[in-house]
Amino acid sequence: MKNIAIVSNTSWYVYNFRKGFLSELIRQGYNVFVIAPKDKFVVEIELLGCSFIELKQIQNKGKNPFQEMLLTLELRKYFKSRKIDVALFYTPKINIFGSIATKFSSTKGVATINGLGFVFNEGQPKWLQTVVKNLYRFAFSGLPAVFFQNEEDKEFFIKSKILCGKKQCICVVRGSGVNLDEFYQKKNNPGSPSALTFLLSARLIREKGINEYLEAAKIVKQKYANANFALLGVVADNPSAIPVEVITQLYKEGVIDYWGSSDNMSETFNKVDIMVLPSYYREGIPKVLIEALSKGLPVITTDNVGCRETVEDGKNGYLIPVKNIHALSEAMEKMILLTPEQRNEMGEYSRRKAVNEFDEKSNHLKYVDLIKALP
């Protein structure tokens, strides 16, 4: 039976985003290895039945070519010593240098593009984008398959001539998928419409629309004092991180509730009425939005790559322009002014959308079918 490796830049990501896929691979009879840096989720990964290999030579924010060479050599060593037949890569750096490592082993690589990230955001240096395109082009040449989470990213890679191999399988999946049982539909909130709880859950960086959310919350709070605005996510170690002082001050002023982090998002969503993500990051399809759909929450998000995949405007939420505080505050007020029945209808539509489009089982089968087809 084939040896399959899941490679990522954090064990947290593997467990929280790929737990169901790991279980499915094991159910199919594969020997499953997880290659990632150590964190507290290693124990959970091993309890699923996976073998864990610590990835040491990775610096997520580093741009040192020598360090990237060490990462490539480390992955090549593991691929050869553990006789990995197929390695599946997630996150940009792992996609690139994991794919390069397969060129020097018999392992077949499968990359998944979970959005384009910071590099291809507006305002980033053209020279940097050119360097990254060339790295992708070299790394992905010869890969048997590349998966995308939305059509726009796929077209970007094809138009940029990063992918041009006629024999490559180029496939689009609907995000990371969601476990419909774990993220069961929540009970409706019978409380006052003016006391709705809005939630933004994301890394606390500008590109996720944090500043817009905070400013819109101030506006809506002035008119609807009982409305609650929650923020969930750890303070990021990133140049575009939201200063902790800003969050602390707004918490003290009663504008927001800061919920820190959560290891059980399904339970966290039970306290929420409306999910908000005003992102202008180059998303794949944000998993937190898919999970919110599955819980039966109406969603407010931007008409942006990946985000727009989750909302049919007016049916299960509202799409707004990026970086538009006024539009965001208006959408929040519209949610407050809906009748409970209208919001419930939106929530029901979200749940149906999750069931019909984002069930992780159909996502897993596409990967499993590919693995079976590889020689």
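The values are calculated or read from the model by the stated rules, or taken from the named source; none is laboratory data. All of these numbers come straight from a predicted model, not from anything done at the bench. Every residue, glycine as well, gets a Cβ built from its backbone with ideal geometry; the counts of neighbours run over all protein chains shown.
Can you name every residue in the range 264-323 that is touching a Cys at 6+ places or on another chain (Cβ under 9 Å) and polar (S, T, N, Q)?
S279, T301
Every residue in the range 327-355 that is free of Cβ contacts under 8 Å to residues at least 60 places away in the same chain and closer than 19 Å to K223 by Cα, please.
A327, E330, A331, K334
Which of the residues belonging to the range 346-375 are in a helix (DSSP H, G or I), touching a Leu at 6+ places or on another chain (Cβ under 9 Å) and acidic (D, E)?
Listed by number, the residues that qualify are E357, E360.
Taking the range 143-169, which residues are more than 24 Å from L22 (Cβ to Cβ) and among the hydrophobic types (A, V, I, L, M, F, W, C)?
Selection gives F156, F157, I158, I162, L163, C164.
What number of residues within the range 120-153 are touching a Cys at 6+ places or on another chain (Cβ under 8 Å) and either among the charged types (D, E, K, R) or assigned to a helix (DSSP H, G or I) (or both)?
Number satisfying all stated conditions: 0.
Among the residues in the range 136-149, are any more than 30 Å from F104 (Cα to Cα) and touching a residue at least 40 places away in the same chain (Cβ under 8 Å)? Walk me through how you get there before you give the answer.
We begin by selecting, within the range 136-149, every residue more than 30 Å from F104 (Cα to Cα); these are none.
The answer is no; no qualifying residue exists.
Of (1) touching an Asp or Glu at 6+ places or on another chain (Cβ under 8 Å); (2) among the small types (G, A, S); (3) exposed (fewer than 13 other Cβ atoms within 10 Å of the Cβ), A225 satisfies all except one. Which?
Failing condition for A225: (1).
For the range 269-324, name all the residues that are closer than 14 Å to E212 by Cβ, in contact with a Phe, Trp or Tyr (Cβ under 7 Å, 6 or more places away or on another chain) and among the β-branched types (V, I, T).
If the condition is that a residue be closer than 14 Å to E212 by Cβ, in contact with a Phe, Trp or Tyr (Cβ under 7 Å, 6 or more places away or on another chain) and among the β-branched types (V, I, T), then V276, I300, T302, V322 are the ones that fit.
Go through the range 80-94 and give me each residue that's in contact with a Gly (Cβ under 9 Å, 6 or more places away or on another chain), in a helix (DSSP H, G or I) and either surrounded by fewer than 21 Cβ atoms within 10 Å (Cβ to Cβ) or modelled with pLDDT of 95 or more (or both).
K93
Of the residues that sit in the range 95-114 and are among the hydroxyl-bearing types (S, T, Y) and part of a helix (DSSP H, G or I), which one is nearest to I162 (Cα to Cα)? Step through it out loud before you land on a result.
In the first step, residues of the range 95-114 are kept if they are among the hydroxyl-bearing types (S, T, Y); the result is 99, 102, 105-107, 112.
After this cut, where a residue has to be part of a helix (DSSP H, G or I) as well, the list is 99, 102.
Numbers: S99: 13, T102: 17 Å.
Taking the candidates together, the pick is S99.
Please work out which residue is nearest to I371 (Cα to Cα), limiting yourself to the range 62-84 and to residues that are touching a residue at least 60 places away in the same chain (Cβ under 8 Å) and out of contact with any Ser or Thr (no Cβ under 7 Å at 6 or more places or on another chain).
K83
Looking only at the range 154-163, decide whether some residue is surrounded by 17 or more Cβ atoms within 10 Å (Cβ to Cβ), among the acidic types (D, E) and not in a loop (DSSP other than H, G, I, E, B).
no
Step by step: first the residues of the range 226-246, then only those that are more than 26 Å from L319 (Cβ to Cβ) and in contact with a strand residue (DSSP E or B) (Cβ under 8 Å, 6 or more places away or on another chain), then the one that is modelled with the lowest pLDDT. Which residue is that?
N238
Restricting attention to the range 22-42, and to residues there that are in contact (Cβ under 8 Å) with a residue 40 or more places away in the chain and part of a loop (DSSP other than H, G, I, E, B), which single residue is farthest from K366 (Cα to Cα)?
Y30
From the list I45, I6, which one is under 21 Å from T107 (Cα atoms) and among the β-branched types (V, I, T)?
Unique residue meeting the criteria: I6.
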